[in-house]
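Worksheet: the structure to be examined is printed underneath.
The values are calculated or read from the model by the stated rules, or taken from the named source; none is laboratory data. All of these numbers come straight from a predicted model, not from anything done at the bench. Neighbour counts run over all protein chains shown; Cβ positions are idealised from the backbone, glycine included. With ligands, DNA and RNA removed, areas are computed over all heavy atoms of the protein, side chains included. Shrake-Rupley method; radii C 1.70, N 1.55, O 1.52, S 1.80 Å.
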Amino acid sequence: MAPPYVFVGHASDDRRRLRPLIEALALQGLSVWIDRPGPAGRHFEFEPFFIARYGIRSLRVSEGWSDQISETIRAAGAVLVCLSRAAAGERRVLSQELLLGLHYKKLVACVIDDLYFDSLPGDLGVPEGARLQLERVDLRALERAVALERHQPGGSAAADRSARQQWQAVERLAGQIERLFDAAGGRPPAAAQMAAAREAIAGVPVAPMVSVAGIPDEVVAAFADRLTDPDRAARFLTVAAELRLSCNPEGYTERQITVRPGEVLSPRALTPELFWRAVLTLSGMKSRRTLAALLMAPGAPQRDTLPTAAARVFTDFVDSLNDVRNTTSREACLR
């Protein structure tokens, strides 16, 4: 399976000055898609060596531009839209790239000018800036950090304060992108992610069970909204089951503690809300720890991507699962 990539949306006039941001993302190990990376005029002007070394993806020659953009965004693991004065004046960026990123729930946005969100056209249905968690990136300062990082990994730590701050801003953007990659199920969870989830799940007792009335509607809605695709839902259930089985010092059978194919109707036969309500309910009846595996497995809805009220309910519910602790079981799970 090809690694997931981040589609970078921008105004045409911003290509050349966005080079430090594209290079910073590549240096942080992200696969990047940009429209015209090569050395020609009005392109990014990256050398072929850089494009090949970092696997930069781009438009395919002789294919329709608009259809390619739409398909590339649909297939991307994340969509990073770089907002600027030029982008505000180039409606294409806003009407296609920004809104498609929102539609597919994979949008990350940053500002590369002293542009305020309320200066964007007001008829696009775009959420308020606070909900997009906008990072502001000073590209000139970032260029200084990139030059040091290019020379030696970790070299940005020796940059001046402003340059270091910009490198850290891009690290935060990269973190948002990585979380979207993980949520999309485009790659298996890393060993460190599985270990962290296993440690969190290990602190949750087996009993008492959680009934359907005890599962908030906001939690069901978060799963239905974030895990809509049937194939992605199936992959996620496999990861959650693996985690639950690896944290089973009591020795229960797979049938007793995991939700297996056939126990609930296929996600292709139900709406996402009905499917996830059935899965979460059955998990809570099997064991408290089984439900926790769904809530804590890599790819589960991220609380920091939910609306404030829903995030609070989600957090309180996860915390409530830990109210009755079994330290003996936790230590056994982590051996």
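Please determine whether any residue of the stretch 157-175 is assigned to a helix (DSSP H, G or I), of a type in the set (Ser, Thr, Tyr) and surrounded by 22 or more Cβ atoms within 10 Å (Cβ to Cβ).
Pass one, the stretch 157-175, residues assigned to a helix (DSSP H, G or I): 157-158, 161-175.
Adding the requirement that they be of a type in the set (Ser, Thr, Tyr) leaves 162.
Next, from what is left, pick out any that are surrounded by 22 or more Cβ atoms within 10 Å (Cβ to Cβ): none.
Among the residues of the stretch 157-175, not one is assigned to a helix (DSSP H, G or I), of a type in the set (Ser, Thr, Tyr) and surrounded by 22 or more Cβ atoms within 10 Å (Cβ to Cβ), which makes the answer no.
One line per residue, one yes/no per condition, for (1) farther than 18 Å from residue 314 by Cα; (2) in contact with a Gly (Cβ under 6 Å, 6 or more places away or on another chain); (3) surrounded by 14 or more Cβ atoms within 10 Å (Cβ to Cβ); (4) modelled with pLDDT under 80:
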position	(1), (2), (3), (4)
141	yes, no, yes, no
190	yes, no, no, yes
204	no, no, yes, no
222	no, no, yes, no
225	no, no, yes, no
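Quick check on residue 244: is it open to solvent by 10 Å² or more (accessible area, probe 1.4 Å) and of a type in the set (Lys, Arg)?
Values: open to solvent by 10 Å² or more (accessible area, probe 1.4 Å): no; of a type in the set (Lys, Arg): yes.
Taking the combined requirement at face value, the residue does not satisfy it.
What's the number of the only condition in (1) surrounded by 20 or more Cβ atoms within 10 Å (Cβ to Cβ); (2) of a type in the set (Val, Ile, Thr); (3) not in a loop (DSSP other than H, G, I, E, B) that residue 313 fails to meet?
So residue 313 meets the others, but not (1).
Can you give me the number of residues within the stretch 316-335 that are modelled with pLDDT of 90 or more and open to solvent by 70 Å² or more (accessible area, probe 1.4 Å)? Steps first, please.
Filtering the stretch 316-335 down to residues modelled with pLDDT of 90 or more leaves 316-321.
Narrowing further to those that are open to solvent by 70 Å² or more (accessible area, probe 1.4 Å): 316, 319.
The number of residues fulfilling the criteria is 2.
Please state which one of 3, 39, 48, 20 is open to solvent by 60 Å² or more (accessible area, probe 1.4 Å) and modelled with pLDDT of 85 or more. Break it down into steps so the answer makes sense when it comes.
Numbers: 3 fails: modelled with pLDDT of 85 or more; 39 fails: modelled with pLDDT of 85 or more; 20 fails: open to solvent by 60 Å² or more (accessible area, probe 1.4 Å).
Of the residues listed, the single one that is open to solvent by 60 Å² or more (accessible area, probe 1.4 Å) and modelled with pLDDT of 85 or more is 48.
Residues are listed down the side, and each one gets a yes or a no for (1) among the small types (Gly, Ala, Ser); (2) open to solvent by 70 Å² or more (accessible area, probe 1.4 Å); (3) in a loop (DSSP other than H, G, I, E, B):
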| position | (1), (2), (3) |
| --- | --- |
| 255 | no, yes, no |
| 260 | no, no, yes |
| 265 | no, yes, yes |
| 278 | yes, no, no |
| 282 | no, no, no |
